[in-house]
Each structure stands twice: as structure tokens, then as C-alpha cells.
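Visitor: Please see the structure below; I have some questions.
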Amino acid sequence: MKIKNILLFPITTPREAGAPSQHIIVKLETDEGPIGFGEMPDFTHLPALMPDVVDLERTLSHLLIDCDPLEIAAVNERLKQYFPQGAFWDKSSLVRCGVDLALYDLVGKVEQKPVYGLLGGKFRERIPVSYPIFRQKRREEIPENIARMHRLMGQGFSAFRYYFGANLDVDETFLSEVTKEFGDKVILASLDGSGLFDRKGFLAAYKRLAQFNFLLIESPVRRDDIEGLKEVKETIAHPVSEHIQSPANAKEFARVGAVDVFNISLAAAGGISEAEEVAKIARDSGIRILVGTTQETSIATAASAHFAASLPHLDYYSNPVGPVLYTQDVTETPVHYEDSHLIVPQGPGLGVEVDEEKFEELKENLTARYILREDYRRASQVAI
Ligand code: MG
């Protein structure tokens, strides 16, 4: 079988709050008929620089047409030469993620297996997930977020994660109100610092927030401050998690003993293949795992569910809730959530029915203009 065509569809999905997110949907066509869909999820992050989608489609066509899509590893190796892993904010990994997901979808359809079946089978059918409450700067934002939590609880969510650090007075008041309002009806899965603090600043913040009931701290200090992460991990009572961007990054973190938990997302790792490698390094090193997100549509969220299902150990609440956060999607029905769990889709490939008409409805060329919007900054989409 050969790849005959690779098509890219840039789309914008509005959010229930904050600026919309932009993604590129990938469609792979083959000479024998089967097709695969993938997703380069959420370009609406810094740097405020977007790829030229027409040029990217031309580049990927040049690299991939006539390759055998069943040879996922070989295609990924070829892609890595042209889209190498860079720094955390690099968008190369999104490009590789989009192609890798389309390959898995395609191969699953050819072999009539769900993607988790290609990964050795599933350990679970639903993935515990938490809903994000974004960073707040002003007290006036608190009632809106308490109302948001009530609304999400009505939809079955009981686990939330909270981005802190824009204003610690507001954080402390908010977390007190959450405790008063909901008690043990909600679980605070994590407090996320997004790597905005230095060591001293984080420890001062932690002193104020440690009194609240939460499971772990994510990204306490700058991501490249590995020694700082280790110092924090050894100082505080909670486990520390950090986003892992590649197998090399995972090995370095494991060698230093920088964190307790790897936050593994398909977007940061550059697809399922690389994420599997990162997960193996975690297992070999006794590091716990959660599955992260950059907020995907139902295509890459389904892929995250298959990946999460295939992990022997999944230790904390995972994060992919894009289809709840976004008000529009690209599948006939969005992936399903139930009691703070993402349900692993069944059926061959990613197990979602892509609705190509939605590509047209949501079509918009990539633009950095959303990153400049005030509501982007307000919702702190700057931070992951
Ligand atoms: Mg995070």
C-alpha cells in the first residue's frame, strides 16, 4: 500500500471561554482506498508564529507520497529528519503528531483493530480526566469559575485542575471557596504553575496553597530548570509532574530524578509512537504517568484515549477534555465523557466518525491574531 495524497485542513474551534484554538486536520489517502485522519492540535500557543499550511502540505506530500503507511516507524523516522524535536514551544512535534495519528487511524482501519489493539491491547476502557480552571488575575473572576464548576458537575465532572500563580491572593480565596462550596464532592487533581515561577517564588506560593486538598503539583518551575524541579520535588510534600517533550528529555529527567510523574501528551511528544517510548522510559524508571493535553478536537482526543488505554499503569487524572472545552468539533459525535472519565472509542482505527463538512464550516487559515487577544491572556492560554 502507498500513500497517494496528504491533505491538510486548517480549522478554528471556539471555546466555552477564552480565545478559540486552531488545529490542522490531516487526511491521508492511499492507492488501495483506505484513508486515515490525524490532527496537529492547538497551534494557538506561543510563539506567535504559524506555519504556512499550503507550503506545509506541499512539504509533507514531497516527503510522504509513495511511502508505505503500514510502516509507521519508518515514516516517523523520515519525518523526524525534517521536523526534528526542538524546544518545548517548538511546533515541529505538532506536525509529526498529525501524521503519526493519521497513520495509526489508517493501519487500524486496514487491520480492523482499534488503535489500542495496535499498541498491545487495553488495560482500561475509561480514562479518569480532570477539567481545567484557568488562571485568574482578579477576584471578580471567581464567581464565574465556581459557576463553571457547578455546570461541569451537572455534566458529570468531579475532578478539576487549577492553574495558579497570576495572583496568589485570588488563588487562595478561590481554593477556599471551592473547599467551602463543594467539600469532598470535587477532587482537585492538580495545581499547575505552568513553569512560570523560579524556585524561591514557587516555594513561597506553595507555602500558601499546600493547605488545600489536591493530588499533585504540575510545572512548579521553569521546564528547563531540571535541578530546580528536583529541588522542589525533594522539598515539598506533594508529587511533582512535568510535561515531557521527547524520549531524550524523558531519559534526562529520569537520570536526574527531576519529577515523580511524567505528563505525556501526544502533541508534545510528536504522536503515539514517541509517546509510547516516553511511557516505557517512565515504567523502566519507576516514574508515574498521566496523559496530558494541549486541548485537541475529538480526533486527537480519541488518539489520547487509545494511548492512555494501552498503558499498564496510569497513575493520576489525565487531561484531554478538548471536546468539552470546545463548542464545535469535527466528528459526527464528539468522544464521550462519563463521570469524569473519557470513554475509549471502539471500532477500527481511532474509532471516531470524521465529518469532513465540518472542515469547511470551521475553516480558517492559521493566524497568530488570537494569541494577541485580551481573552487569550485572561484565560492564560499562554500557559500549558
Ligand atoms: Mg500543564
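Visitor: Can you give me the number of residues within the range 142-157 that are crowded, with 18+ Cβ neighbours inside 10 Å and not in a helix (DSSP H, G or I)?
Guide: Selection size over the range 142-157: 1.
Visitor: Are any of the residues in the range 216-229 assigned by TED's automatic domain parsing to the domain that holds ALA166, within 14 Å of the ligand (Cβ to nearest atom), under 19 Å from the mean Cα position of the chain (by Cα) and at pLDDT below 95?
Guide: yes
Visitor: Give me a count of the residues in the range 181-212 that are of a type in the set (S, T, N, Q), touching a strand residue (DSSP E or B) at 6+ places or on another chain (Cβ under 6 Å) and away from the ligand (no atom under 14 Å from the Cβ).
Guide: Result for the range 181-212: 0.
Visitor: Against the definition (assigned by TED's automatic domain parsing to the domain that holds ARG138, more than 16 Å from the ligand (Cβ to nearest atom), in contact with a Ser or Thr (Cβ under 9 Å, 6 or more places away or on another chain) and open to solvent by less than 40 Å² (accessible area, probe 1.4 Å)), how does SER246 come out, yes or no? Walk me through it before giving the result.
Guide: Details: assigned by TED's automatic domain parsing to the domain that holds ARG138: yes; more than 16 Å from the ligand (Cβ to nearest atom): yes; in contact with a Ser or Thr (Cβ under 9 Å, 6 or more places away or on another chain): yes; open to solvent by less than 40 Å² (accessible area, probe 1.4 Å): yes.
Against the criterion (assigned by TED's automatic domain parsing to the domain that holds ARG138, more than 16 Å from the ligand (Cβ to nearest atom), in contact with a Ser or Thr (Cβ under 9 Å, 6 or more places away or on another chain) and open to solvent by less than 40 Å² (accessible area, probe 1.4 Å)), SER246 qualifies.
Visitor: Can you tell me which residues in the range 25-45 are surrounded by fewer than 24 Cβ atoms within 10 Å (Cβ to Cβ) and more than 15 Å from the chain's Cα centre (by Cα)?
Guide: Those that are surrounded by fewer than 24 Cβ atoms within 10 Å (Cβ to Cβ) and more than 15 Å from the chain's Cα centre (by Cα): LYS27, GLU29, THR30, ASP31, GLU32, GLY33, PRO34, ILE35.
Visitor: Right, another one. In the range 341-359, is there at least one residue being of a type in the set (Phe, Trp, Tyr), in the same structural domain as GLU242 (by TED's automatic domain parsing) and away from the ligand (no atom under 16 Å from the Cβ)? So that I can check it myself, show each step before the final result.
Guide: If we filter the range 341-359 for residues that are of a type in the set (Phe, Trp, Tyr), which is where we start, we get 359.
Those left that are additionally in the same structural domain as GLU242 (by TED's automatic domain parsing): none.
Scanning the range 341-359, I find no residue that is of a type in the set (Phe, Trp, Tyr), in the same structural domain as GLU242 (by TED's automatic domain parsing) and away from the ligand (no atom under 16 Å from the Cβ), so the answer is no.
Visitor: A follow-up question, please. Go over the candidates ARG139, ARG161, ARG126 one by one and state the one that is in contact with a strand residue (DSSP E or B) (Cβ under 6 Å, 6 or more places away or on another chain), modelled with pLDDT of 95 or more and open to solvent by 80 Å² or more (accessible area, probe 1.4 Å).
Guide: ARG126
Visitor: Is it true that some residue in the range 355-366 is polar (S, T, N, Q) and open to solvent by less than 50 Å² (accessible area, probe 1.4 Å)?
Guide: Residues of the range 355-366 that are polar (S, T, N, Q), as a first pass: 365.
Those left that are additionally open to solvent by less than 50 Å² (accessible area, probe 1.4 Å): none.
Among the residues of the range 355-366, not one is polar (S, T, N, Q) and open to solvent by less than 50 Å² (accessible area, probe 1.4 Å), which makes the answer no.
Visitor: Can you pull out the residues in the range 114-123 that are open to solvent by less than 50 Å² (accessible area, probe 1.4 Å), assigned to a loop (DSSP other than H, G, I, E, B) and in contact with a helix residue (DSSP H, G or I) (Cβ under 8 Å, 6 or more places away or on another chain)?
Guide: Correct list: LEU119 only.
Visitor: Checking GLU338 against (1) touching a Pro at 6+ places or on another chain (Cβ under 9 Å); (2) surrounded by fewer than 21 Cβ atoms within 10 Å (Cβ to Cβ); (3) touching a residue at least 60 places away in the same chain (Cβ under 8 Å), only one condition comes out false. Which one?
Guide: In the conditions (1) touching a Pro at 6+ places or on another chain (Cβ under 9 Å); (2) surrounded by fewer than 21 Cβ atoms within 10 Å (Cβ to Cβ); (3) touching a residue at least 60 places away in the same chain (Cβ under 8 Å), GLU338 misses (1) alone.
Visitor: Starting from the range 226-250, take each residue that is assigned to a strand (DSSP E or B) and list its partners that are open to solvent by 10 Å² or more (accessible area, probe 1.4 Å), counting only C-beta distances under 6 angstrom and pairs at least six apart or across chains.
Guide: Pairs that qualify, where the first residue is assigned to a strand (DSSP E or B) and the partner is open to solvent by 10 Å² or more (accessible area, probe 1.4 Å), are VAL240/LYS233; VAL240/ASP260; HIS243/ALA268.
Visitor: Something else: Just checking, which of ALA368, ALA379, ALA303, ALA282 is within 16 Å of the ligand (Cβ to nearest atom) and among the hydrophobic types (A, V, I, L, M, F, W, C)?
Guide: Every option except ALA379 fails the conditions.
Visitor: Within the set of pairs 6+ apart or on separate chains, which have a first residue in the range 179-192 that is in contact (Cβ under 8 Å) with a residue 40 or more places away in the chain and under 27 Å from HIS243 (Cα atoms), a second that is within 16 Å of the ligand (Cβ to nearest atom) and open to solvent by 40 Å² or more (accessible area, probe 1.4 Å), and C-beta atoms under 6 Å apart?
Guide: Here the result reads ALA189/LEU215; ALA189/TYR317, each pair linking the range 179-192 to a residue that is within 16 Å of the ligand (Cβ to nearest atom) and open to solvent by 40 Å² or more (accessible area, probe 1.4 Å).
Visitor: From the list LEU215, LEU168, pick out the single residue that is open to solvent by 10 Å² or more (accessible area, probe 1.4 Å), under 19 Å from ASN319 (Cα atoms) and in contact (Cβ under 8 Å) with a residue 12 or more places away in the chain.
Guide: LEU215
Visitor: Mind listing just one residue for me: the one in the range 174-199 that is among the charged types (D, E, K, R) and under 16 Å from SER219 (Cβ atoms) and, of those, least open to solvent (accessible area, probe 1.4 Å)?
Guide: Going residue by residue through the range 174-199, those that are among the charged types (D, E, K, R) are 177, 180-181, 184-185, 192, 198-199.
Remaining after also requiring under 16 Å from SER219 (Cβ atoms): 192, 198-199.
On the way: ASP192: 2, ASP198: 99, ARG199: 79 Å².
Per the stated criteria, the residue is ASP192.
Visitor: With respect to SER190, determine if the residue is closer than 24 Å to ALA275 by Cβ and in a loop (DSSP other than H, G, I, E, B).
Guide: No; evaluated as a whole, the condition is false for this residue.
Visitor: How about the range 290-300: which of its residues are within 14 Å of the ligand (Cβ to nearest atom) and either surrounded by fewer than 24 Cβ atoms within 10 Å (Cβ to Cβ) or among the β-branched types (Val, Ile, Thr) (or both)? Write out each step before concluding.
Guide: Residues of the range 290-300 within 14 Å of the ligand (Cβ to nearest atom): 290-295.
Result: VAL291, THR293, THR294.
The values are calculated or read from the model by the stated rules, or taken from the named source; none is laboratory data. From a predicted model like this one, the values you see are computed outputs, not experimental measurements. In this analysis, Cβ positions are derived from the backbone assuming ideal geometry, glycine residues included, and neighbour counts consider all displayed protein chains. Protein only, heavy atoms only, side chains kept; ligands, DNA and RNA dropped before computing areas. Shrake-Rupley method; radii C 1.70, N 1.55, O 1.52, S 1.80 Å.
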